[in-house]
Amino acid sequence: MTALEPSDAVVADENAARADESGVLGRAYRALSVGIVSVVLLIAFEATAVGTTMPVAARELDGVSLYAFAFSGYFTTSLFGMVLAGQWSDRKGPLGALTTGIGAFAAGLVVAGTAQSMWVFIAGRAVQGFGGGLVIVALYVVVGRAYPERLRPAIMAAFAAGWVVPSIVGPLAAGAVTEHLGWRWVFLGIPPLVVFPVALALPQIRRRAGGPVTEEGRGAFDRRRIRLAFGISLGAGLLQYAAQDLRWVSVIPGLLGGALLVPAVLGLLPRGTYRAARGLPSVVLLRGAAAGAFVSAESFVPLMLVTQRGLSPTLAGFSLAAGGVTWAVGSWVQARPRLEPYRERLMTLGMVLVAAAIATVPTVLVSGVPVWTVAVAWGFGCFGMGLVIASASVLMLRLSAPEEAGANSAALQLSDALSNVVLLAATGAAFASLGGGSMTGAAGSGSHPAAFAAVFLPMAGVALAGAWVTRRLRDRAS
């Protein structure tokens, strides 16, 4: 080799830089990016469809009193799936967790779509949740392994963009299908669509992110973490059951659920999470505060608009449609390189917007307030969520060693889902205690509006607490 010839290391560096510059849709990453974003697209469509069709499904199955459980049942089983996926991905690679998760997600849709009772419907949602927990953690591990750090904000923004079309088309499509064909087809129509992303993404994942990071990382699952995962899932389920059944005998499963939940949470989340220790623990805590407050509030928006303002399921669902666009815009904003030094400030702004949006929604309980207020407020709130959720994922991967990406991704998603379960249990109990489960669906009938105010206003307070947590995302050394 002459002095003018580049070394192998220089050539490798130049090739890597060229691949980075091609972007997430360049030739090097196109098939992988399209495949995994398609998976997110399907999950997003299902999520928006469920929110639209749930008021009708709950009434037909005589299960309005179990309304919150139909949502939190998904998150309860996803807790176990997330921890299992983290272990699976770190030791054997994300491919197996991803394929198993997609299969379970599709099977849960079939069970829910064919359910003849509310409890069977909830069981289908639980199977979906287990699959969704496997999928989301595996996807984060794929991002951490297959994409260089400079492209990760962009692929996270693409994940958020995958919610745009479902958020706009999903409510209209789900509402139209519910009104003309029946709510069951909202669930049964999705499983055939999983073939495309599986066929496109899996070969790329096998090539770029298959297997453990190192041979030393290969080994058996950590049985202690699996036991803790089972404990956290069972404990969350018992706690949710106790919150939905307000008789005094429910104290027993409630206490048992708490006894299982607390030690499991302490063992699975980073040390210092619940005292907002600086760095990764605060990132994990913030994810839970943001997701829990937002999902708990959003779950009751269509029900409020249908039962209190007399909107059709289509219009009630469509009131949330603009949020998908603004969420994607928020994710796009956080991915701008010039804003990288201000990431924590953007996250503070995001949480303030979320709190303001949630606090604004119950104003439509006053008949003189136009119902489009919800759409406007939720648009701003989703913009804030776009800033926060994508940024939290970027910070988590930045603070994780490669061999810890699976465990830390699981912790991030665990905080998300656990917060959803706990806060949905609390809001569901408050809603039911004020007579929310007695609503018949006619405008102005049923319980006092306080049943809904008891859901939204506390969640606005949780979001404000999250704004404080954003000040602790950097450790003191940074």
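The values are calculated or read from the model by the stated rules, or taken from the named source; none is laboratory data. Just so we're clear, the structure is a prediction, and the values are computed from it rather than from any experiment. Backbone-built Cβ (ideal geometry, glycine too); neighbour counts: all protein chains shown. Side chains are part of the model used for accessible areas, which takes the heavy atoms of the whole protein and leaves out ligands, DNA and RNA. Shrake-Rupley method; radii C 1.70, N 1.55, O 1.52, S 1.80 Å.
In segment 399-414, how many are in contact with a Ser or Thr (Cβ under 7 Å, 6 or more places away or on another chain) and open to solvent by 30 Å² or more (accessible area, probe 1.4 Å)?
Result for segment 399-414: 1.
Would you point out the residue of segment 148-189, among those that are in contact with a Phe, Trp or Tyr (Cβ under 7 Å, 6 or more places away or on another chain) and surrounded by fewer than 23 Cβ atoms within 10 Å (Cβ to Cβ), that is farthest from residue 58 (Cα to Cα)?
Result: 172.
Before we move on, is residue 83 in a helix (DSSP H, G or I), farther than 30 Å from residue 30 by Cβ and open to solvent by 10 Å² or more (accessible area, probe 1.4 Å)?
When the stated conditions are applied, residue 83 does not pass them.
Read through the list (1) in contact with a Gly (Cβ under 8 Å, 6 or more places away or on another chain); (2) open to solvent by 20 Å² or more (accessible area, probe 1.4 Å); (3) farther than 20 Å from residue 329 by Cα, then give the number of the only condition that residue 124 fails.
Here residue 124 meets the rest and fails (2).
Only one residue in 332, 327, 372 is surrounded by fewer than 17 Cβ atoms within 10 Å (Cβ to Cβ) and among the aromatic types (Phe, Trp, Tyr), so which one is that? Full working, then the answer.
Working: 332 fails: surrounded by fewer than 17 Cβ atoms within 10 Å (Cβ to Cβ); 327 fails: surrounded by fewer than 17 Cβ atoms within 10 Å (Cβ to Cβ).
Being surrounded by fewer than 17 Cβ atoms within 10 Å (Cβ to Cβ) and among the aromatic types (Phe, Trp, Tyr) holds for just one of 332, 327, 372, which is 372.
For (1) modelled with pLDDT under 90; (2) surrounded by fewer than 23 Cβ atoms within 10 Å (Cβ to Cβ), each residue gets a yes or a no:
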{"position": "75", "(1), (2)": "yes, no"}
{"position": "79", "(1), (2)": "yes, no"}
{"position": "94", "(1), (2)": "yes, no"}
{"position": "99", "(1), (2)": "yes, yes"}
{"position": "107", "(1), (2)": "no, yes"}
{"position": "120", "(1), (2)": "no, yes"}
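Take the residues in segment 272-291 that are under 20 Å from residue 349 (Cα atoms) and of a type in the set (Lys, Arg), then tell me which one is farthest from the chain's Cα centre (by Cα).
Restricting to residues being under 20 Å from residue 349 (Cα atoms) and of a type in the set (Lys, Arg), the top hit is 278.
Any residue in segment 395-417 that's closer than 16 Å to residue 228 by Cβ: show its pairings with residues that are open to solvent by less than 10 Å² (accessible area, probe 1.4 Å) and of a type in the set (Gly, Ala, Ser) at Cβ separation under 6 Å, as long as the two are six or more apart or on different chains.
Between residues of segment 395-417 that are closer than 16 Å to residue 228 by Cβ and residues that are open to solvent by less than 10 Å² (accessible area, probe 1.4 Å) and of a type in the set (Gly, Ala, Ser), the close pairs are 406/86; 406/89; 407/86; 410/86; 415/288; 417/78.
Of 270, 263, 281, 253, which residue is closer than 25 Å to residue 468 by Cα, part of a helix (DSSP H, G or I) and touching a helix residue (DSSP H, G or I) at 6+ places or on another chain (Cβ under 8 Å)?
Values: 270 fails: part of a helix (DSSP H, G or I); 263 fails: closer than 25 Å to residue 468 by Cα; 253 fails: closer than 25 Å to residue 468 by Cα.
281 is the lone residue from the list that is closer than 25 Å to residue 468 by Cα, part of a helix (DSSP H, G or I) and touching a helix residue (DSSP H, G or I) at 6+ places or on another chain (Cβ under 8 Å).
Does segment 340-363 contain at least one residue that is assigned to a loop (DSSP other than H, G, I, E, B) and within 23 Å of residue 162 (Cβ to Cβ)? Spell out the reasoning first.
Step one: of segment 340-363, the residues assigned to a loop (DSSP other than H, G, I, E, B) are none.
No, there is no match, as no residue in segment 340-363 is assigned to a loop (DSSP other than H, G, I, E, B) and within 23 Å of residue 162 (Cβ to Cβ).
Going by the structure shown, is residue 376 more than 17 Å from the chain's Cα centre (by Cα), at pLDDT 90 or above and over 30 Å from residue 254 (Cα atoms)?
Taking the combined requirement at face value, the residue satisfies it.
Just to be sure I understand, how many residues within segment 33-58 are within 15 Å of residue 186 (Cβ to Cβ) and either of a type outside the set (Ser, Thr, Tyr) or open to solvent by 10 Å² or more (accessible area, probe 1.4 Å) (or both)?
15
Kindly indicate whether any position in segment 152-166 is of a type outside the set (A, V, I, L, M) and free of Cβ contacts under 8 Å to residues at least 40 places away in the same chain.
Checked against the condition, which is being of a type outside the set (A, V, I, L, M) and free of Cβ contacts under 8 Å to residues at least 40 places away in the same chain, segment 152-166 yields no hits at all.
Consider residue 239 carefully, then state whether it is part of a helix (DSSP H, G or I), at pLDDT 80 or above and either open to solvent by 10 Å² or more (accessible area, probe 1.4 Å) or not β-branched (Val, Ile, Thr) (or both).
Against the criterion (part of a helix (DSSP H, G or I), at pLDDT 80 or above and either open to solvent by 10 Å² or more (accessible area, probe 1.4 Å) or not β-branched (Val, Ile, Thr) (or both)), residue 239 does not qualify.
Going by what's in this entry, would residue 82 be described as touching a residue at least 40 places away in the same chain (Cβ under 8 Å), among the aliphatic types (A, V, I, L, M) and under 28 Å from residue 311 (Cβ atoms)?
Here the answer is no, as residue 82 does not meet what is asked.
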